[in-house]
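> I have a structure here, written as structure tokens, and I will follow up with some questions on it.
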Amino acid sequence: MPGFHRGDYLLALPMMLLTLFALGVLLIDLLLDRSSKVINAWAAFAGLAFSAAAVHNIQRAFADQAARGEPSSPFFAFSGTLMVDRFAVFFFYLFLAAAAITILMSVRYLEVEDEHHGEYYALILFSVVGMMCMAAGNDLILLFIGLELMAVSTYILVGFLRRDRRSNEAALKYLLLGAFSSGIFAYGLSLLYGLAGSTNLQQISMALGNAMAPGKARVVPAVALVTTAAGLFFKIAAVPFHQWAPDAYEGAPTSITGFMSVAGKASAWALLLRIFLFALGPMRPLYVPILVFVAIATMTGGNLAALTQSNVKRLFAYSSIAHVGYIMLGLIAGTAFLPNPDGIRGILVYLLVYTFMNLGVFGVIASLRRRDIIGDELDDLNGLFFKAPTEAVLMLTFLLSLAGIPPLAGFYGKYFIFLALIESGHYALATLAVIYVAVSAYYYLRVANAMFMRTAGDRVPVTISPGMWAGLAITGAATVVIGIYPEPFLRMVNWSMHVAQNPTVAQLLR
Amino acid sequence: MRLTALYLFASFSDFQQGRGSVQMPENYVPAFIFIAVALAIPVVTLAIAKAVRPDNPFGTKLMPYECGVDPEGSARGRYTVRFYIVAILFVVFDVETIFLFPWAVQARTLKAFGFIEMMVFLAILIVGYIWIWKKGALEWV
């Protein structure tokens, strides 16, 4: 029954606040002159802080639930279309943190590019609203709208350097391929709706459970699965559908490349997990082979293509494709019918640590941008250690973490995923993944080699703004601290794994 | 490719050990459908179109359509990009009206709730309108 319910608005408050602040930024921007655009960044930052407070409020509701001794159950809003569970809260925090760090790193970069407009911050906030809908949607329509809100905001952000040909080209390619993949995804969703007669994820899960009963024809469910999966693989940039990623990553403003590669990717993964674990849960025997094929292709394609790149942004685009391959292994781990909880835990840990280390990498690349130097060729990193030692050491930390070297955060993501693979007996796949991790060390160390062992082409000092320092300090500290003392973070992930009443997931967590 | 084949072989035994022992061929059906559908869609649509459509080209029919008048000059002419902005703005406010219709029909049942929600929607669009106006997108010169 439509009407005002207080609970609905409390659950939607994080998104509503972000929308309000984004609209506010758009309006404030009209009143600001060129020199005071930094106020937009502060306003956007305030929006993120208020939204985080609202998320904390929801988190407290879960704590109350636990204090009353009740089993953790998700909160539903707007006739069950929005489902905020602990899983969603985890992703809310992740998106807000990624957006906040991106804003810290953006201000100076945009000033150098001479494209410092309020729309940039408004679009980041809007895309976070979309991501939240993707993480908390319990209805195909809301999930799809969230996906499009995120994607459309990102298309514009990719093309934000209006006078730069590469940025324009990247935005156009990303827009065309993104629209195409959304079409395929929507087609898959329409088939799911046709099978279930409902857009609610639980209903779809039940209908598919019946459709998967032995002795029934599985062609329509299989086609629905394949098209939905293809659309999702586009969004996470898995290999047969990855062609947009290197171009979009290379052409986009560097701060946005970082944002896309962590927040955009994490939100696509949240959506993928919602769909694959909840709606398509009963179809696990059918989708695991597809995932195996795509994961192998993704690790191979990403790692091998990254070896020969001379542009750093392109190199990290391929590296992020390779990471998608590893993350996918976490979903493959398990039996033919149930995912392994350690695998899902691994995915969440991986996304958490990847957010910090990859944002750090792109922060360093963004700080190399000067008036005459774009700073995204590998040669531009030459001798960075002699010009900006602290920054070079931070970059080395991020690189080693990405390669999964033990005392750093990146190790734990890979650890849980490989552990889950071995627990469920996928030895061949685990071996292959470890071989590719070794391959990836080559191209990460190539970047380190340029920074430490080559001499710089010029003597111009690297100037780093306070905002950038703050961003690098946060990402660097997180990368080191999660690696040395992972316990609170693992506890947070475990907390968010108490997901939902969905039969598949409930069984998984028992 | 060989690695893939190797893995497919290895994972076969995994699934056999797993609960329910799913049969190998059926297990990989979706992967094949996946490839087959991707290949089939363009081929089939083009083939069907070719088979079904009448094929009878003649001079007048192949001429570019220009409101029934004989075309003058090349269709590749340039026109100002301002039309594009106007068209986009039209689409936005066109969709707004489409959203207003179902609300108008249901306004009595939805009462204050529908009214307030609709006003929120309009307020967001008005912010967009102010933004467009201030940015000068509505000025023709």
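> Could we say that A:TYR187 is in a helix (DSSP H, G or I), surrounded by fewer than 21 Cβ atoms within 10 Å (Cβ to Cβ) and aromatic (Phe, Trp, Tyr) here?
yes
> Among the helices (runs of 4 or more DSSP H) lying completely within region A:232-351, list those that include at least 1 residues that are at pLDDT 90 or above and under 23 Å from A:ALA207 (Cα atoms).
A:265-273, A:284-307, A:312-332
> Which condition breaks for A:LEU161 when tested against (1) part of a helix (DSSP H, G or I); (2) touching a Pro at 6+ places or on another chain (Cβ under 7 Å)?
Of everything listed in (1) part of a helix (DSSP H, G or I); (2) touching a Pro at 6+ places or on another chain (Cβ under 7 Å), A:LEU161 misses just condition (1).
> Being of a type in the set (Phe, Trp, Tyr) and either out of contact with any Phe, Trp or Tyr (no Cβ under 8 Å at 6 or more places or on another chain) or surrounded by fewer than 16 Cβ atoms within 10 Å (Cβ to Cβ) (or both) is the filter here, so list the residues in region A:1-49 that pass it.
A:PHE4, A:TYR9, A:TRP42, A:PHE45
> (1) under 25 Å from A:ALA336 (Cα atoms); (2) buried (at least 19 other Cβ atoms within 10 Å of the Cβ); (3) within 21 Å of the chain's Cα centre (by Cα): which one isn't true of A:TYR415, the others all being true?
Of the numbered conditions (1) under 25 Å from A:ALA336 (Cα atoms); (2) buried (at least 19 other Cβ atoms within 10 Å of the Cβ); (3) within 21 Å of the chain's Cα centre (by Cα), the odd one out for A:TYR415 is (2).
> Being of a type outside the set (D, E, K, R) and either assigned to a loop (DSSP other than H, G, I, E, B) or more than 13 Å from every other protein chain (Cβ to nearest Cβ) (or both) is the requirement here; does A:ILE58 meet it?
So A:ILE58 fits the description; yes.
> Same structure again: Just wondering, is there one or more residues in region B:88-108 that are outside any loop (DSSP other than H, G, I, E, B), out of contact with any strand residue (DSSP E or B) (no Cβ under 9 Å at 6 or more places or on another chain), at pLDDT 85 or above and hydroxyl-bearing (Ser, Thr, Tyr)?
Looking through region B:88-108, at least one residue is outside any loop (DSSP other than H, G, I, E, B), out of contact with any strand residue (DSSP E or B) (no Cβ under 9 Å at 6 or more places or on another chain), at pLDDT 85 or above and hydroxyl-bearing (Ser, Thr, Tyr).
> Further, regarding this structure: B:GLU139: loosely packed, with under 12 Cβ neighbours inside 10 Å, charged (D, E, K, R) and at pLDDT below 90, yes or no?
yes
> For region A:356-431, which fully contained helices (runs of 4 or more DSSP H) count at least 3 residues that are closer than 26 Å to A:VAL324 by Cα, away from chain B (no Cβ under 14 Å) and in contact with a helix residue (DSSP H, G or I) (Cβ under 7 Å, 6 or more places away or on another chain)?
The qualifying helices (runs of 4 or more DSSP H) are A:389-403, A:410-423.
The values are calculated or read from the model by the stated rules, or taken from the named source; none is laboratory data. What you see is a predicted model; the values in this text were computed from it and never measured. As a convention, Cβ positions derive from the backbone with ideal geometry for all residues, glycine included, and neighbour counts pool all protein chains shown.
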